[in-house]
Amino acid sequence: MKNYSGFENLEVWKISMRLSLIIYGLFKECKDYGFRDQIQRASVSVPANIAEGDERQTAKESIQFLYIARGSAAEVRTFLYLAIELNYIPKEEGLNIIDQYKKISSMLYRLIETRKTVNREQSMGHGNDGATINI
């Protein structure tokens, strides 16, 4: 791929990595081990699937992994709502992180739509020469 800059340069990946670290720190003392493990796994799944999708050879494959990342972001939000209700975390802090995950979902949606457009253009025989896609 020409001008490939790597998933590490995607803002959505950077933000989701920071949020994963926040989730790990926030729940490291949580004694509900099943809950803790699940929210931590879901939070890591977001940047991991962004990275895996970005390394795929086709836009179609990439899009599938971005959808998985988006689903994982929704899973984290669900666990955060539950954590608030169970008084595992302060409400204000939880809602702030939920808002950040909503931003991730929105960014992923835009990236998916961009890649769908590129995929259509490539299928029609015109468009992208493999250059980096900016969102």
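The values are calculated or read from the model by the stated rules, or taken from the named source; none is laboratory data. Every value quoted in this text rests on a predicted model; they were computed, and no experiment measured them. Cβ coordinates were reconstructed from backbone atoms using ideal geometry, including for glycine residues, and neighbour counts include every protein chain displayed.
In table form, for the structure just shown:
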quantity	calculated
Residue that is out of contact with any Leu (no Cβ under 9 Å at 6 or more places or on another chain), of a type in the set (D, E, K, R), modelled with pLDDT of 95 or more and within 20 Å of Ser5 (Cα to Cα), where the choices are Arg56, Arg41, Arg110, Arg77	Arg110
Identity of the residue in the range 86-125, polar (S, T, N, Q) and free of Cβ contacts under 8 Å to residues at least 60 places away in the same chain, that ends up nearest to Ser43 (Cα to Cα)	Ser105
Criterion (farther than 18 Å from Leu10 by Cα and at pLDDT below 95) met by exactly one of Gly94, Gly71, Gly127	Gly127
Tally, over the range 1-52, of residues that are charged (D, E, K, R) and either within 13 Å of the chain's Cα centre (by Cα) or buried (at least 16 other Cβ atoms within 10 Å of the Cβ) (or both)	7
Hey, Ser62 part of a helix (DSSP H, G or I), modelled with pLDDT under 95 and within 17 Å of the chain's Cα centre (by Cα) or not	yes
